[in-house]
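Readers should treat all values here as calculations from the given coordinates under stated rules, not as data from a laboratory. Keep in mind that what you see is a predicted model, and the values were worked out from it rather than measured. Quick reminder, even Gly has a Cβ in these numbers, built from the backbone with ideal geometry, and neighbours come from all protein chains shown.
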Amino acid sequence: MITIITGKINSGKTTYIKNLYQKDKKGDGVISIKEMIDNTVDNYQSLHLKSNQIFSQVLRNTHTLNEDEIICQIGPYNFLESGLVQSSKLFHQMIDNFISPIYIDEIGLLELDDKHYHNIFKELIKSGLDIVFTVRTDLLDQIIKKYNIKEPKIIRI
């Protein structure tokens, strides 16, 4: 089964998905933790739910980075190759070990453009394992269509 947590920006999707996992500690996944500086998003750290390991995924363009560290950009945010590699490794381990459900935060604009989590998300869907993921409300229909998701359970925040 595929469960989609959807809501507007800053509506609590990440908190909701984290609470779902913490409720009974079944499955595993990676969620994004927003870090603010003076009311501005500075970065997003990824949190591996099972181990509580944290690693950098996205940095605001005010951080100095080498070009080869950046896999893609959206707005003022640079997505780090190291973060994607670490997340993908974790998701592959979950697939290989038949972990279910798998939580992923979030699928959005980059994936619609075949970037970032696009490839691993396709693999997650193909695995047939239960997946719980977040998506902004304004992208919900596009994501469902792009990934040919049939009869998802949709939770609106």
Original post:
If you line up the Cα atoms of region 47-98 on their principal axes, what length do they span on each, largest first, in Å?
Top reply: 38, 19, 17
**OP:** Work out which helices of the chain, taken as complete DSSP H runs, extend at least 30 Å along their axis over the Cα atoms and score a mean Kyte-Doolittle of -0.5 or more, then list them.
**Re:** none
Original post:
Taking a 27 Å limit on the Cα-Cα distance, which of the listed pairs Lys34/Lys115; Lys13/Lys150; Lys18/Lys122; Lys23/Lys146; Lys18/Lys115 fall beyond it?
Top reply: Lys23/Lys146
Original post:
Over the chain, what lengths in whole Å, largest first, do the semi-axes of the equivalent ellipsoid take, defined as the square roots of 5 times the eigenvalues of the alpha-carbon gyration tensor?
Top reply: 23, 17, 16
Subject >> Relative packing of 124-135, 67-78, which averages over residues the other C-beta atoms within 10 Å, highest first >> reply: 124-135, 67-78
Subject >> Kirkwood hydrodynamic radius (C-alpha pairs) into Stokes-Einstein, region 13-75, 20 °C and 1.002 mPa s, D in µm²/s >> reply: 161
Original post:
Highest mean first, what order results for 95-102, 25-32 on Cβ atoms within 10 Å?
Top reply: 25-32, 95-102
Original post:
How much of the DSSP beta bridge set in region 57-157 is antiparallel, as a percent to the nearest 5?
Top reply: 70
